[in-house]
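So the structure is just underneath, and the comments pick up after that.
What follows draws every value from the coordinates through simple rules; no lab data is involved. The structure presented is a predicted model; accordingly, all values stated were derived computationally and were not measured. Ideal geometry is used to build each Cβ from the backbone, glycine not excepted, and the neighbour counts take in all protein chains shown.
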Amino acid sequence: MFSKKIVASIFVMMFASNIFAQPIVTDSTTRSTTNSTSDSTTTVKSPPPTAVAPNITSINNDLCAVGVSGAAQTQILGIAIGSTFVDKNCERLKLSKTLYDMGMKVAAVSTLCQDERVFTAMMNAGTPCPVDGKIGNEAKVIWEADPERKPQKVKSKD
């Protein structure tokens, strides 16, 4: 096969070529200049104004008024409104209680009897609502003789 001398000389040649080889040096210089001009526009977009519904409060809880308010807003126009509505049944209860507290029990019951539901309940209980200063059976006879005077059913807003 190969002789030792041949193998040794191949080894020496490979080793010697690596030792005596000169490295390759690359020298490069790059210069660049950049000039830039920019025009920009900034647009600030803000939300439209907001229509705020008025706050309708009653400090005294003894009032028979209900506050209602609302608002609507578009990109151009905003509208806000508010109002109060009187609760007639609340007024009737307060009037009746005041009359009763003053000792006017028949007037208090008569005030409540202006509501068709109370009127019907009183008739069904056998204690008809007072009318023309009459109570009991005398009032019942007057109510039956003139049904037009009975309180009318209030239409519900449901």
| field | Rounded Å value of the spacing that divides the Cα centres of the stretch 61-78 and the stretch 79-158 | value | 32
| query | So who's got an amide H within less than 5 Å of the one on Gly78, skipping anything under 5 residues away but keeping other chains? H placed 1.01 Å off N, in plane. | reply | none
| note | Residue-ordered couplings for the stretch 129-142, obtained by feeding phi - 60° into the Karplus form 6.51 cos²θ - 1.76 cosθ + 1.60 and rounding to whole Hz (Gly and Pro as x), are 5, x, 8, 6, x, 9, 10, x, 5, 4, 5, 5, 4, 5
| Calculated from backbone phi, Karplus (6.51, -1.76, 1.60) coupling profile of the stretch 90-105 in Hz, x at Gly/Pro | 4, 4, 4, 5, 5, 4, 5, 5, 5, 4, 5, 5, 8, x, 9, 5
| task | Work out, in µm²/s and without decimals, the Stokes-Einstein translational diffusion coefficient of the stretch 88-149 at 10 °C, 1.306 mPa s, Rh from Kirkwood over C-alpha pairs. | result | 134
| remark: Between Glu144 and Arg117, the FRET efficiency computed from the C-beta separation at R0 = 25 Å comes out, to the nearest 0.05, as 0.85
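Hey, got a sec? Which trypsin sites (Lys or Arg not before Pro) in the stretch 108-158 land in a DSSP loop and have at most 12 other Cβ atoms within 10 Å?
Sparse-neighbourhood loop trypsin sites (Lys or Arg not before Pro): Lys153, Lys155, Lys157.
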| message | Full-extension gain between Thr43 and Leu93, please, as 0.36 nm times their residue separation minus the C-alpha to C-alpha distance. | response | 11.9 nm
